[in-house]
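The values are calculated or read from the model by the stated rules, or taken from the named source; none is laboratory data. Not measured: the values here are computed from a predicted model. Ideal geometry is used to build each Cβ from the backbone, glycine not excepted, and the neighbour counts take in all protein chains shown. Keep in mind that these areas ignore ligands, DNA and RNA; they rest on the heavy atoms of the full protein, side chains included. Shrake-Rupley method; radii C 1.70, N 1.55, O 1.52, S 1.80 Å.
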Amino acid sequence: MADRGRTSLNLREPGARWRSADQVHDLHEVGALNRRAFLARADHIRRRWPEGETAFITIGVERFSRIRGSIGYTLAESVISHLAARARKYFHGAPITRLGPDMVGLAMVKSPSVETWANQLQGLQNVLEQPILAEGAPIRVSVRIGYVTVTGGLSVAGGDLLNQAEIALDQARETSRLVQRFSPEQYGDPLGRLSLLTDLRDSLVRNELRLVYQPQVRCRSGEVVSAEALMRWEHPARGMVSPADFIPVAEETGMIGDLTLWAISQALRDLEIISASGRDMRIAVNFSGRLLSDQGFIELVRDRIRGRENQLTLEITESSEIEDWAIALKSLEAFAAAGMRISIDDYGSGLSSLAYVRQLPAHELKIDRMFVSQLTESYRDPLLVRSTIELGHALELEVVAEGIEDVETLALLSMMGCDMVQGYHLARPMKLDALLSYLEADRARDIIEAPMDMTRFWGVA
Ligand code: C2E
Ligand code: MG
Ligand code: MG
């Protein structure tokens, strides 16, 4: 590979150094930049060599969560660092950034008309798959590479190009190619998800995400025991984007980790304000099942929450996406032992079934809205809901019903012994200051205690 140096412009900063690939332990030693600094550096390169062709390159390690599960977090991190060091060396000190637990990105410029990118990246792929000696143990990993190239000017934003390189990596995985150039045609984007994804990446930096809170109320007392944190995205052009639109995109593209960490941090900040107002309650944060098998992510969450577990509930959504049960159970048990409540969200919806109730160390079951919304009109739904409440209680779980839109449904759930309720009838999701006023006015107790006109319920005059 020694001759590759002559085919590429040398981007090393004067005085910049990086260590030999076999000495690194973490990414800082490799000189990895955060995303923002990386993009600034890439812009600088493109400005400096406008006639050159720049590639944004993503390198993804295959089955990384399994590798991490078997060799442990520290060693797995050291593998990523070794790979990053090799890639950086191969590209003579090109800027590098971490894009996800199993992914790094590089920006590299080369002179026109030299070796093709495809050849050069196949060479890189080869180099990366040579055994790594991490802590004395030889480890071999498979990698895939995605890339996109651009020439001249800065008309396309670096952030967009990096996103496209990430999509190219997804395409490589989907098509079982080792190296894949981003292909917009192949990508096909009927739903505008590419631009949604690009915007979503920026939403955190631009501070466009918000949390709204929906009270969860104890049926017997009307006490607000917790509030569910629901994410909202105030997009400058699209207006308010529903989580139903962006959470699935985030889940499919790995962004969900960043969004969830943001939500947890924001919820903890808001809890301080709630505590300062003299209230003692939890916030329930939605937590996608697929994140539970990601040990590195769980460590980040643990660090972020440490000591405040008893203020949070994790509502596990999409339990069907749990990839590695051993890691998921270990993570949840550790959280629960520290005082966190675990809730199985959307119970009964198909994504969340009896198998999860059996396996997850949960404290509560949240009956999916679809069984609650027609409770007073349907023959079967009350049977299903009542037996779910009984099942939950037999397993010593509290049962929460969501989607309560009228007083009749509230009364029926109360009669069935449901422990907690949440829904528009009690309160719509609201901003923190509105939640504080709601708590102050004791609105939930008024609603729970309001006498109900039973003739409406039973349909008699
Ligand atoms: P979910 O966790 O089941 O949240 C309950 C959803 O039901 C919320 O929708 C809430 O606004 C809505 N809802 C509550 N009460 C009623 C009612 O009485 N009637 C009706 N028709 N709807 C009601 P939202 O806010 O649109 O969120 C949709 C889903 O997006 C959530 O479902 C959750 O799965 C996901 N989500 C929202 N925020 C986050 C988040 O921060 N992280 C993750 N991973 N997922 C989130
Ligand atoms: Mg939820
Ligand atoms: Mg739900």
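Worth pointing out:
- Selected residue (criterion: least open to solvent (accessible area, probe 1.4 Å)) from residues of the stretch 415-437 that are assigned to a helix (DSSP H, G or I) and in contact with an Asp or Glu (Cβ under 9 Å, 6 or more places away or on another chain): Leu435
- With respect to being open to solvent by less than 70 Å² (accessible area, probe 1.4 Å), at pLDDT 95 or above and in a helix (DSSP H, G or I), Gln216 falls outside the description.
- Listing of strands (runs of 3 or more DSSP E) fully contained in the stretch 32-120 that carry 2 or more residues being among the polar types (S, T, N, Q): 53-61
- Some residue of the stretch 396-410 being of a type in the set (S, T, N, Q) and open to solvent by 20 Å² or more (accessible area, probe 1.4 Å): no
- Residue within the stretch 248-255 that is part of a helix (DSSP H, G or I), open to solvent by 20 Å² or more (accessible area, probe 1.4 Å) and within 16 Å of ligand 3 (Cβ to nearest atom) present: yes
- Boolean, Ala244 is among the small types (Gly, Ala, Ser), at pLDDT below 95, over 23 Å from Asp368 (Cα atoms) and open to solvent by 10 Å² or more (accessible area, probe 1.4 Å): no
- Condition check for Arg269: within 16 Å of ligand 2 (Cβ to nearest atom), out of contact with any Pro (no Cβ under 6 Å at 6 or more places or on another chain), in the same structural domain as Ala444 (by TED's automatic domain parsing) and at pLDDT 95 or above: no
- Residue ID - surrounded by the most Cβ atoms within 10 Å (Cβ to Cβ), chosen from residues in the stretch 265-284 that are over 25 Å from the mean Cα position of the chain (by Cα) and not hydrophobic (A, V, I, L, M, F, W, C): Arg279
- Evaluating Val224 against the criteria (1) within 12 Å of ligand 1 (Cβ to nearest atom); (2) touching a Phe, Trp or Tyr at 6+ places or on another chain (Cβ under 8 Å); (3) open to solvent by 20 Å² or more (accessible area, probe 1.4 Å) leaves one unmet condition, (1).
- Residues being open to solvent by less than 50 Å² (accessible area, probe 1.4 Å), under 15 Å from Val357 (Cα atoms) and not aliphatic (A, V, I, L, M) - total across the stretch 305-324: 4
- Listed conditions (1) in a helix (DSSP H, G or I); (2) in contact (Cβ under 8 Å) with a residue 24 or more places away in the chain; (3) away from ligand 1 (no atom under 12 Å from the Cβ) are all met by Glu323, apart from (1).
- Among the candidates Tyr347, Tyr356, residue that is touching a Gly at 6+ places or on another chain (Cβ under 9 Å), away from ligand 2 (no atom under 13 Å from the Cβ) and open to solvent by less than 40 Å² (accessible area, probe 1.4 Å): Tyr356
- Residue in the stretch 303-312 that is without any contact (Cβ under 8 Å) to a residue 40 or more places away in the chain, more than 16 Å from ligand 2 (Cβ to nearest atom) and within 29 Å of Arg63 (Cβ to Cβ) present: yes
- The stretch 331-414 holds strands (runs of 3 or more DSSP E) entirely within its bounds, and those carrying 1 or more residues that are among the hydroxyl-bearing types (Ser, Thr, Tyr) and within 21 Å of Ser293 (Cβ to Cβ) map to 341-347.
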